[in-house]
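The values are calculated or read from the model by the stated rules, or taken from the named source; none is laboratory data. Quick caveat, the model's predicted, so the values are computed rather than measured. Glycine gets a Cβ as well: all are built from the backbone with ideal geometry, and neighbour counts include every protein chain shown.
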């Protein structure tokens, strides 16, 4: 049986959150990992009882969002969340292809491994900031 979620009815358990924190990834990478893990768990809940195969499609996501009581009166937020889900789905599908899995078969361990590799590559890469980086480079301030 799954552990009780950390925050209300969210899909991540306390163990999931602790596992993410234990990675010691940079803050931005851990935040991105939490978001992807949240989306993956949400997709797995939406797809239930399926445990393998493709992620839920746009129409399935839209229907699920409409069924969430806390989102009934929040059409703008539902639209924003749908777009975020779709962006996360692309990232999860790419990772699943690399792992030779279906997207619903991914788990937190695989997300952590991929995030750790990507973070390490950025840190060890040329000039420590690849051109395909999706977040701004922050200059360190003089001490």
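Summary table below
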| quantity | calculated |
| --- | --- |
| The range 66-86 residues that are modelled with pLDDT of 95 or more, paired with ones that are loosely packed, with under 13 Cβ neighbours inside 10 Å and part of a helix (DSSP H, G or I) (beta carbon under 8 Å, 6 or more apart) | 78/66; 82/58; 86/58 |
| Failed item, numbered, when residue 143 is tested on (1) at pLDDT below 95; (2) surrounded by 11 or more Cβ atoms within 10 Å (Cβ to Cβ) | (2) |
| Out of 103, 56, sole residue that is in contact (Cβ under 8 Å) with a residue 12 or more places away in the chain, over 21 Å from residue 17 (Cα atoms) and either touching a strand residue (DSSP E or B) at 6+ places or on another chain (Cβ under 9 Å) or surrounded by 17 or more Cβ atoms within 10 Å (Cβ to Cβ) (or both) | 56 |
| Any helices (runs of 4 or more DSSP H) falling wholly within the range 1-112 and containing at least 3 residues that are within 27 Å of residue 124 (Cβ to Cβ) | 14-21, 27-47, 75-99 |
| Sole exception among (1) touching a helix residue (DSSP H, G or I) at 6+ places or on another chain (Cβ under 8 Å); (2) at pLDDT 90 or above; (3) loosely packed, with under 13 Cβ neighbours inside 10 Å for residue 14, by number | (1) |
